[in-house]
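Input: a single structure, listed below in structure tokens.
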Amino acid sequence: MQVLRQCLLLAAKYDLDLQPEWIPTTNNSLADALSRFDYSRVTDLAPQLANPECKLPNLGLRIYNNQDYR
């Protein structure tokens with residue numbers, strides 16, 4: 001929720017209009033797998049995410065491994 005709050009604050013700061021749009025699961029399978037923490041499906045859909053080399057700054061996200069959700 002913190003990431004969403006930061007995005008909304010940035011949108012307000014820079015006077016951006018956000019227009020959310022619902023996308024059905026069949027057209028958005030990667031986002032669906034990510035939201036369900038289904039990491040085996042994520043890596044099937046996007047193998048490059050199996051070992052990401054992320055150079056982004058720390059955004060305050062908490063990373064969980066698959067063991068936390070069994």
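The values are calculated or read from the model by the stated rules, or taken from the named source; none is laboratory data. Keep in mind the model is a prediction, meaning the values are calculated, not measured. We place every Cβ from the backbone using ideal geometry, glycine too, and count neighbours over all the protein chains shown.
Data table
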{"item": "Residue in segment 16-35 that is touching a Phe, Trp or Tyr at 6+ places or on another chain (Cβ under 7 Å) and surrounded by 10 or more Cβ atoms within 10 Å (Cβ to Cβ) present", "result": "no"}
{"item": "Segment 1-28: number of residues that are more than 25 Å from residue 41 (Cβ to Cβ) and aliphatic (A, V, I, L, M)", "result": "7"}
{"item": "Close pairs (6 angstrom Cβ cut-off, 6 or more residues apart or separate chains): part of a helix (DSSP H, G or I) in segment 1-29, among the acidic types (Asp, Glu) and at pLDDT 90 or above anywhere", "result": "25/32"}
